[in-house]
Amino acid sequence: MFESIPRRVRVVEVGPRDGLQNEKAIVPTAEKIAFIDLLSAAGFGVIEATSFVSPRAIPQLADAAEVMAGITRREGVDYPVLVPNEKGMRRAIDAGARVVAVFTAASEAFTRANINMTIDESFAAFRPVVALAGEHGMRARGYVSTAFGCPYQGAVAPEAVLDVTGRLLDLGVYEVSIGDTIGVATPDQIAALVPRLIALAGADRLALHLHDTRGTALANVLAALQLGVGTFDSAAGGVGGCPFAPGAAGNLATEDLLYMLRGLGVETGIDLDAVVRAGAFLGKALGRALPSKYAQAALATMGDAP
Ligand code: COA
Ligand code: ZN
């Protein structure tokens, strides 16, 4: 029944950034570094490491430069960092980042709350970022938040998502990650939007970034796989969300995603047990059990890892 899905999928680990930005506790820098190093050892090709945004907006990631200086970068692994504007880009360059991610949204109301800009203004802010990336031989990824619903304006038209995606591609990003920031999407919405996104971007330049707020993330992944999507963002332990999206708890947990992909016979190159250990390490740092269902089941039988 699932013969047509991609045989290999890229999993982009976003826990160190999307996960930690929404935690009340500020994780000590050394523990962030240890968490990222555990993830590097697990076999990810891409680990979003931190954000060079305003420390007033996201105090949890104010130590971005120290994190970038402290991690052990593995050969062949990308460590993208979130950058909202030229100031953030200069900080990212100074910190030795090689890949950045710019982010806007399909909803004006969310863009205003998140980065205090209109969508047009966000593109004006990205232009110098992408130009600097080119000058420094760096690559840029793009995010479209609130693609399936907005906490402030409600419904979001597919045309708005397609429009913003097209503008990011025109800017020269290598991939656009389409975000269900508040975790409202159901598979019918995936089926309605993804074929149009693939027609616009090509499947190899498209990623889905799903939150599991209402428990629909894996169902949405399965729908997207059947439509040819081959890249998914997720966070170890299922931590995270955007502080400017009220109630948007919980990225899709990497462990849950990997378990389903393994069952479907899809290769990722990532060691699921190693991700469980990385998530358990983060849970200890945060002082709580993390939401990943697979990790909870695995830890109950593995004993007290790591
Ligand atoms: N890094 C560090 N400081 C920055 C910065 C950056 N990338 N961008 C702006 N600042 C500083 C400015 O220097 C200024 O500091 P000052 O008041 O001490 O002079 C202050 O932040 C305000 O700058 P301004 O350009 O007026 O920005 P703003 O207040 O309109 O905020 C953003 C715009 C984009 C900087 C801010 O909203 C932001 O960082 N948002 C990120 C939100 C986020 O990460 N959300 C999660 C992702 S989904
Ligand atoms: Zn997210």
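Selection of the stretch 230-253 for residues being within 13 Å of ligand 2 (Cβ to nearest atom) and either under 18 Å from V81 (Cα atoms) or in a helix (DSSP H, G or I) (or both) yields F232, D233, S234, A235, G238, V239, G240, G241, C242, P243, N251. Being in contact with a Ser or Thr (Cβ under 7 Å, 6 or more places away or on another chain) and among the acidic types (D, E) is the filter; apply it to the stretch 1-53 and report the residue that is most open to solvent (accessible area, probe 1.4 Å). Checking each candidate, the answer is D37. Pull up the stretch 69-90, narrow it to residues that are out of contact with any strand residue (DSSP E or B) (no Cβ under 9 Å at 6 or more places or on another chain) and in a helix (DSSP H, G or I), then point me to the one that is farthest from Y174 (Cα to Cα). Out of the qualifying residues, it is G70.
Considering only residues that are within 16 Å of ligand 2 (Cβ to nearest atom) and touching a Leu at 6+ places or on another chain (Cβ under 7 Å), which ones fall in the stretch 102-143? Don't jump to the end; show me each part of the working.
First pass over the stretch 102-143, keeping only residues within 16 Å of ligand 2 (Cβ to nearest atom): 102-107, 110-111, 113-115, 141-143.
Answer for the stretch 102-143, where residues must be within 16 Å of ligand 2 (Cβ to nearest atom) and touching a Leu at 6+ places or on another chain (Cβ under 7 Å): F103, G142.
If a residue must be hydroxyl-bearing (S, T, Y), without any contact (Cβ under 8 Å) to a residue 60 or more places away in the chain and either open to solvent by 30 Å² or more (accessible area, probe 1.4 Å) or part of a strand (DSSP E or B) (or both), how many such residues does the stretch 163-187 contain? Step through it out loud before you land on a result.
First, pick out the residues of the stretch 163-187 that are hydroxyl-bearing (S, T, Y): 165, 174, 177, 181, 186.
Still in the running and without any contact (Cβ under 8 Å) to a residue 60 or more places away in the chain: 165, 174, 186.
This time we only want the ones that are either open to solvent by 30 Å² or more (accessible area, probe 1.4 Å) or part of a strand (DSSP E or B) (or both), so: 174, 186.
Residues in the stretch 163-187 being hydroxyl-bearing (S, T, Y), without any contact (Cβ under 8 Å) to a residue 60 or more places away in the chain and either open to solvent by 30 Å² or more (accessible area, probe 1.4 Å) or part of a strand (DSSP E or B) (or both): 2 in total.
L38 passes every criterion in (1) of a type in the set (A, V, I, L, M); (2) in a helix (DSSP H, G or I); (3) at pLDDT below 95 apart from (3).
For the stretch 153-162, does any single residue satisfy the condition of being open to solvent by less than 50 Å² (accessible area, probe 1.4 Å) and within 16 Å of ligand 2 (Cβ to nearest atom)? Yes, because at least one residue in the stretch 153-162 is open to solvent by less than 50 Å² (accessible area, probe 1.4 Å) and within 16 Å of ligand 2 (Cβ to nearest atom).
The values are calculated or read from the model by the stated rules, or taken from the named source; none is laboratory data. Quick caveat: nothing in here was measured; it's all calculated off a predicted structure. Glycine also receives a Cβ, built like all others from the backbone with ideal geometry; neighbour counts cover every protein chain displayed. When the accessible area is computed, the model is the full protein with side chains, heavy atoms only, and any ligands, DNA or RNA have been set aside. Shrake-Rupley method; radii C 1.70, N 1.55, O 1.52, S 1.80 Å.
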